[in-house]
Amino acid sequence: MMRRLITGVLLAAAIGSPAFANEFGKKIAGSKHDFSVPYVGLSSMGVVATLTPASYTGKCGTCHTAHKPVQFKSLWKRTITPGQTWVVYDAQGTEQLSAGVAGAGADQLEYAGKTLGADDARFISVAAFEKSGSGRCLSCHDGVTAIGGGIKMAGTQGVAKNFGTDLHGKHPVGIRIPWGTEGFFAGMQTNYPDAPTEPSAQVKMDYLGTVGCVSCHSMHRGELASSKVLRKGDRCLACHDK
């Protein structure tokens, strides 16, 4: 009984907390993740379809639940497609030419991606990645998992983006930050240029000391002038000693 009482008190505190409701003290309404407005995406048949708020429980219900949360801290309810994995950037991989995109210039030299699997000390495992901020973001942005009502994220709809599951051409995610090595500080900096004073708005490490989507992006709202819900300040200099 006492355990249930404590859990109930903590849950009520989490839901009522301004920090939980929004990291930066701004309203979710009007942000890039305001799910109270219709969203145009793709059905399971690949046909353009509209997702209405009634089919995915309004502003917060797509991601948060007040009952039996999978992970209590964030009250997260989304799940990853079973057996799914991702390809991420690996600077120690083999260099190869990228596949050129018509009208976008010639092929470019890039590193071959790393397919996440078991934890190998540098990259976290698939299971850990699913629990990370990146895994949570990609539960919509991979274009595989339905956002709600059977509708998946389309390739590009306004500012919404389907990145797919091959992320090796983007900033590294799912890799442990090599603190103290060449080009990196000994630890996370909180006094980088234009860093906000509130800790929740600053650059942060993702799950298990990794870099991830949420290191620089907020699932709620960041800089008002940004179209990419970025955390505030000169974000790169929180990690990179350049």
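Structure notes:
- Once the stretch 150-181 is narrowed to residues that are of a type outside the set (Val, Ile, Thr) and part of a strand (DSSP E or B), the residue that is modelled with the lowest pLDDT is Gln157.
- Within the stretch 182-202, the residues that satisfy the criterion of being assigned to a loop (DSSP other than H, G, I, E, B), among the aliphatic types (A, V, I, L, M) and crowded, with 16+ Cβ neighbours inside 10 Å are Met188, Ala195.
- When Asn22 is tested against (1) touching a His at 6+ places or on another chain (Cβ under 7 Å); (2) at pLDDT 75 or above, exactly one condition is not met: (2).
- Close Cβ contacts (under 6 Å, 6 or more residues apart or on different chains) running from residues in the stretch 146-174 that are more than 30 Å from Arg122 (Cα to Cα) to residues that are modelled with pLDDT of 75 or more and surrounded by fewer than 16 Cβ atoms within 10 Å (Cβ to Cβ) comprise Gln157/Val40.
- Matching strands (runs of 3 or more DSSP E) fully within the stretch 38-142 where at least 2 residues are of a type outside the set (Asp, Glu), at pLDDT 75 or above and under 27 Å from Val229 (Cβ atoms): 39-42, 48-51
- Condition met for Ala186 (modelled with pLDDT of 95 or more, aliphatic (A, V, I, L, M), farther than 24 Å from Thr62 by Cα and out of contact with any strand residue (DSSP E or B) (no Cβ under 9 Å at 6 or more places or on another chain)): yes
The values are calculated or read from the model by the stated rules, or taken from the named source; none is laboratory data. What you are looking at is a predicted structure, and each value in this text was computed from that prediction instead of being measured. Positions of Cβ are backbone-derived with ideal geometry, glycine not excepted, and every protein chain shown enters the neighbour counts.
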